[in-house]
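Asks: My questions all concern the structure below.
The values are calculated or read from the model by the stated rules, or taken from the named source; none is laboratory data. Nothing here was measured: the structure is a model prediction, and the numbers come from that model. Cβ sites come from the backbone with ideal geometry, for glycine too, and all protein chains shown count toward neighbours. Just the protein is used for accessible areas: all its heavy atoms, side chains included, with ligands, DNA and RNA removed. Shrake-Rupley method; radii C 1.70, N 1.55, O 1.52, S 1.80 Å.
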Amino acid sequence: MSEGEEVNTGGAVDEPWQGGASTLGGGTSEIKIANSSFEQTAHADGKWSNGTPGWDASGSEVGDFNPTSSQADESEIDGQNVAFLGAGGDTLSQTLSQEYTAGETYEFEVDLGDATYSGSVDYTVNIYAGSTLIGTTSGSTGDIDGLKTVSVSSEGFSDASLNGEPITIE
């Protein structure tokens, strides 16, 4: 995920990064995402920290925090914490144990949005095989003061020269 003041959290299977899945031959398999709901750091209401365990943070304002009810609709959050990207160009990424296989489709869902104090923000969500971009989606939160589920997929991409490269979500 990159850009803007976004809050990223929530989702099915008690994971904000949902359904990390690969499909081949009609089957689906789950892909493990470490600290997917950003709960490894304990915070009191309204408190935060830079960085978040299990994730690679890049930029000046990236971390996890426990928003108060005036900052976010707490009923939309899995657990208590969310991740935040506070400045344009900030990113949060994770290289997964899953390796790329040509012909598979990799699909992830993430709940993201804007806090009550931030207004609409732009976002980009990417999937990489090694350093090669294999799936991307972008848009705007639309000043929703909440969360929405965004999907990103590698559907239609296949390159056997990337077989064995690690999958990274950003």
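Asks: Could you list, in sequence order, the residues of region 73-97 that are under 27 Å from E165 (Cα atoms), open to solvent by less than 60 Å² (accessible area, probe 1.4 Å) and polar (S, T, N, Q)?
Replies: T91, S93, Q94
Asks: When region 97-128 is examined, which residues are found to be out of contact with any Ser or Thr (no Cβ under 8 Å at 6 or more places or on another chain) and farther than 14 Å from L85 by Cβ?
Replies: Scanning region 97-128 gives S97, E99, Y100, Y117, G119.
Asks: What is the residue count in region 134-147 for residues that are touching a strand residue (DSSP E or B) at 6+ places or on another chain (Cβ under 6 Å) and either loosely packed, with under 15 Cβ neighbours inside 10 Å or free of Cβ contacts under 8 Å to residues at least 40 places away in the same chain (or both)?
Replies: Of the residues in region 134-147, 7 are touching a strand residue (DSSP E or B) at 6+ places or on another chain (Cβ under 6 Å) and either loosely packed, with under 15 Cβ neighbours inside 10 Å or free of Cβ contacts under 8 Å to residues at least 40 places away in the same chain (or both).
Asks: Scan region 84-110 residue by residue and report those that are assigned to a strand (DSSP E or B) and small (G, A, S).
Replies: Within region 84-110, S93, S97 qualify.
Asks: Which of the residues spanning region 96-128 are of a type outside the set (F, W, Y) and touching a helix residue (DSSP H, G or I) at 6+ places or on another chain (Cβ under 6 Å)?
Replies: A102
Asks: Now for a separate question. Please verify whether region 157-165 includes one or more residues that are more than 23 Å from A57 (Cα to Cα), assigned to a loop (DSSP other than H, G, I, E, B) and in contact with an Asp or Glu (Cβ under 7 Å, 6 or more places away or on another chain).
Replies: Yes.
Asks: If G63 passes every condition in (1) surrounded by 21 or more Cβ atoms within 10 Å (Cβ to Cβ); (2) over 30 Å from A160 (Cα atoms); (3) touching a residue at least 24 places away in the same chain (Cβ under 8 Å) but one, which one does it miss?
Replies: Here G63 clears every test but (3).
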